[in-house]
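Participant: My questions will all concern the structure given below.
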Amino acid sequence: SSGINAEYGGNLFCWGQNQINRLECPYPIPVEDLYGWNINDIGPGKNHHVIAAEFSSISLGKATNGELGMGPSIKSSSRPDKMHGVDGLKILQCGAGAAHTVLLAADDDDESKEILKKLDVNDD
């Protein structure tokens, strides 16, 4: 099992043991790749994590169904990486499930509405 937490000011820390990035640490350590990012929310999952930071969303871990938001060919990322399809959106909340990722985006300005219009919609 592992833990992930953001402190006031937005620095991200994680600890424990997991299969995502082979982390094995009994105490919180900073995720240096995200140092200085203003983290709004964290969605920890079993095999992947998603992070809402400023006007970007970031994911890492293992995926089989596109959960990382980096396209169908990206199956894993041991380091945090941006989900470019939602760049510029203010993500209010995020979540990670067994085989999915959920982002709640603000749509209260014209720029956000334009970005949302460009996203694919799956009606299945």
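Participant: Residues in region 103-120 that are open to solvent by less than 50 Å² (accessible area, probe 1.4 Å) and assigned to a helix (DSSP H, G or I): how many?
Facilitator: Looking only at that region, the number is 2.
Participant: Which of the residues spanning region 1-21 are loosely packed, with under 14 Cβ neighbours inside 10 Å and either at pLDDT 75 or above or more than 16 Å from Ser59 (Cα to Cα) (or both)?
Facilitator: Answer for region 1-21, where residues must be loosely packed, with under 14 Cβ neighbours inside 10 Å and either at pLDDT 75 or above or more than 16 Å from Ser59 (Cα to Cα) (or both): Ser1, Glu7, Tyr8, Gly9, Gln17.
The values are calculated or read from the model by the stated rules, or taken from the named source; none is laboratory data. A quick note: this is a predicted structure, and the numbers were derived from the prediction, not measured. Positions of Cβ are backbone-derived with ideal geometry, glycine not excepted, and every protein chain shown enters the neighbour counts. All accessible areas refer to the heavy atoms of the entire protein, side chains included, with ligands and DNA or RNA removed. Shrake-Rupley method; radii C 1.70, N 1.55, O 1.52, S 1.80 Å.
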